[in-house]
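Notes to accompany the following structure.
The values are calculated or read from the model by the stated rules, or taken from the named source; none is laboratory data. A quick note: this is a predicted structure, and the numbers were derived from the prediction, not measured. Neighbour counts run over all protein chains shown; Cβ positions are idealised from the backbone, glycine included. Accessible surface areas use protein heavy atoms only, side chains included; no ligands, DNA or RNA. Shrake-Rupley method; radii C 1.70, N 1.55, O 1.52, S 1.80 Å.
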Amino acid sequence: MKREKSRKHRVLELLRMASQTAFFGLFLYLLLGAHYTGEDDIGSTVQRFFHFDPLLALVTIVSARLVYAYFAFALITVVTTILFGRVFCGWVCPLGAVHQFSSFVFKKTKFLKPPREENSSLAWKYYILIIVLAGALFGLDLAGYLDPFSFLTRSFATAVFPSLAYALSSLNGVLYGLGAIGLARSISQTLENWTINVTFIQGFSIGLLFLGAIALNARKERFWCRYLCPTGALLGFLSRWNLFKLKIDEERCIKCGLCTQHCETQAQPYPNEKWKSGECVYCQNCASICPTGAIRFPVSARPEKMTNVSNVDLSRRKLILTTLLGIVTVPFFRLTPAHKRASLKLIRPPGSLPEDKFLAKCVKCAQCMRACPTGALQPVLTEAGPEGIYTPRLVMKVGYCEYYCSLCTQVCPTGAIKKLSIEEKNKVKIGTAWINKSRCIPYVLGKPCIVCEEHCPVSPKAIKFLEVETRLPDGSAVVQKAPVIDIELCTGCGICENKCPV
């Protein structure tokens, strides 16, 4: 058996690894770049990855009933998939790279042992896709929960980066203690330059979901890609027309089964008639591991039969039942008091569309949360109902809306938050401050406090002072200047609440 016969595919396999590494590095670079850099405008490239995602494009267009121009880039992914198969999943997708690397680690540590033959149904991701598309018809955007770009960005922005920053900050204390002051200062400066916030209300639960998705690879290689990814299901359907079909040379094949055993997406290369083009991500593992070089991918314009796309029985009955299930789930997502009256805690970022349109376009990616320099933008849990989970809201006790910042309006990939200049953003009223007189120091204790007025950024100031008389416990009266809110001037930035000492 001459392994050199598979050398070409081994080179392709190494190129695929290099491609995955490069695109994952690009993903990290763009995500880290979504922060205040000293310039008012950070450009539109930080969210460009999302615009190549055909599922986000399709669902956003259908649910919002409008075409977002930037999603034209998704046509590149569609055309590439039609011509070359699911190379996007195997060569480009950063979440796919994470799962493949995790699977590799689990195999090397013996947590994952490749089975001799896989017969598990791959139907779930197609069912999820149908439910997502059915919901989009009624304005319900569910794509962001399981779409690879949204899931990975949300996980890194609210859990992975904050955890890493917290760990490095803790390490700094050790480095200072050991006398490595230069290295400690370099780490501190880097964290400050990247503006990584370490406080996210849902960071723990989002982090657990991310770790759970990684841990599933110990059960099945690339578990997410096999069974859960709706984007992969969509690309799998499109790939049935691709030009490169797997072919096994029967004279060379020794029926060892290595190709099927080491197939990371259960595409089942052997026997040839069972190969599923919709599951193949063209990773070249099967061809490079073949001891006789029997596997190749010649050009063939003949489309695959639907039964060969995957082992999913997309019969008319199952298609109708799954579509009906997706339609039935829509009202359950909207059984919430938030549709009668919004929660008092639900303060959307400046530039957000009206609530119904905002929910139809927001893909829960947390790009705006990553960009917020004060950490005020936090993922929603229950304040907007089930369909609003992980959408952004301002939490003034964590941060505040910086007066001279419009970054969140620049990084939204779907236009759920309109792009605004700083001048335009400062004219948007996102809320109104109120004085709690039962806690305010001048009102209750009769002592001076001007913190809120000092920090109010608008001109003229929205916080003014009136002289009030405060009755103390001993019966004496004190006249003190106390704050009042001019609701016509207040924009709701929340810095007064954030800085208030009580």
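In the structure shown, do any of Lys276/Lys318; Lys364/Lys437; Lys107/Lys361; Lys220/Lys345; Lys113/Lys276; Lys318/Lys418 have a Cα-Cα gap over 30 Å, and if so which?
Long pairs (Cα-Cα over 30 Å): Lys364/Lys437; Lys107/Lys361; Lys220/Lys345; Lys318/Lys418.
How high is the FRET efficiency between Arg439 and Ile254 when r is their beta carbon distance and R₀ equals 60 Å, given to the nearest 0.05?
Working from the Cβ atoms, E equals 0.15.
If I stretch the segment between Lys447 and Phe84 completely, what's the gain in nm (0.36 nm per residue apart, minus their alpha carbon distance), one decimal?
Net length gain for the segment: 123.4 nm.
Which order do Phe71, Phe84 take when ranked by solvent-accessible area (1.4 Å probe, heavy atoms of all protein chains), largest first?
The most accessible residue leads, giving Phe84, Phe71.
Which value, in Å², gives the accessible area per residue of the chain when a 1.4 Å probe is used on the protein heavy atoms?
On a per-residue basis, the chain sits at 48 Å².
State, as an integer percentage, the relative contact order of the range 353-406 based on alpha-carbon contacts under 8 Å between residues 6 or more apart.
33 percent
Just grab the label-to-label distance for Leu325 and Val105, each label 7 Å out from Cα along the Cβ direction, in nm (one decimal).
Using points 7 Å along Cα→Cβ, the separation is 3.3 nm.
Take every Cα-Cα distance within the range 380-502, group them into 10 Å bins from 0 onward, and report for each bin the whole-number percent of pairs it holds.
Pairs per bin, as whole percents: 12, 35, 29, 16, 7, 2, 0.
What is the range 69-146 by shape, rounded, prolate or oblate, if you read a ≥ b ≥ c off the alpha carbon gyration tensor as root eigenvalues and call it rounded for a/c under 1.5, prolate for a/b larger than b/c, and oblate otherwise?
Prolate is the answer for the range 69-146, as a/c is 1.5 or above and a/b outweighs b/c.
How much length, in nm to one decimal, is gained on full extension between Glu454 and Arg334, taken as 0.36 nm per residue of separation minus their Cα-Cα distance?
39.0 nm
Pop out the carbon and sulfur fraction of the accessible area of the chain as a percent, whole number, probe 1.4 Å.
Taking all protein chains in place, the chain shows 64 percent carbon and sulfur surface.
At what distance in nm do the modelled label points of Ser476 and Ile422 sit from each other, each positioned 7 Å from its Cα along Cα→Cβ?
4.7 nm
Given points 7 Å out from each Cα along the Cα-Cβ axis, report the Leu26 to Lys397 separation in nanometres with one decimal.
Each label point lies 7 Å from its Cα, and together they span 4.2 nm.
Can you find, among Pro354, His51, Val105, the residue sitting farthest towards the positive end of the charge dipole of the chain, where Lys and Arg contribute +1 and Asp and Glu -1 at Cβ?
Positive-end residue among those listed: Val105.
In the set [x] 29.9; [y] 57.8; [z] 26.0, which value of mean projected area of the Cα convex hull in nm² was calculated from the structure you see?
Computed from these coordinates, mean projected area of the Cα convex hull in nm² corresponds to label [x].
Between the range 165-193 and the range 424-492, how far is it from one alpha carbon centroid to the other, in angstrom?
The range 165-193 and the range 424-492 have Cα centres separated by 39 Å.
Where in the range 115-176 are there trypsin sites (Lys or Arg not before Pro) that are in a DSSP coil and have at most 10 other Cβ atoms within 10 angstrom of their Cβ?
Arg116
Contour minus end-to-end for Gln261 and Leu489, with contour as 0.36 nm per residue of separation and end-to-end as the Cα-Cα distance?
Difference between extended and current length: 75.3 nm.
I need to check one value: relative contact order of the range 78-208, counting alpha carbon pairs closer than 8 Å and at least 6 residues apart, in percent.
20 percent
List every DSSP H helix in the chain whose Cα atoms extend 24 Å or more along the helix's own long axis and whose mean Kyte-Doolittle hydropathy is at least 1.0.
Sorted by number, the helices that extend far enough and score high enough are 161-178, 316-333.
At a Förster radius of 35 Å, what calculated FRET efficiency corresponds to the Cβ-Cβ distance of Ser120 and Val174, to the nearest 0.05?
So, using R0 = 35 Å, E works out to roughly 0.15.
So, R0 is 41 Å and r is the distance between the beta-carbons of Glu467 and Glu355; what FRET efficiency does that work out to, to 0.05?
Taking R0 as 41 Å, the efficiency between Glu467 and Glu355 is 0.50.
Give or take rounding to whole Å, what are the principal axis extents of the alpha carbon atoms in the range 1-104, in descending order?
Computed over the Cα atoms, the extents are 60, 36, 21 Å.
Below 8 Å, C-alpha to C-alpha, sequence gap of six or more: please give me the relative contact order for the chain in percent.
Normalised by residue count, the contact order of the chain is 18 percent.
What's the longest bit of the chain with no exposed GluC sites (Glu not before Pro), using DSSP loop states and at most 15 other Cβ atoms within 10 Å as the test?
252-487
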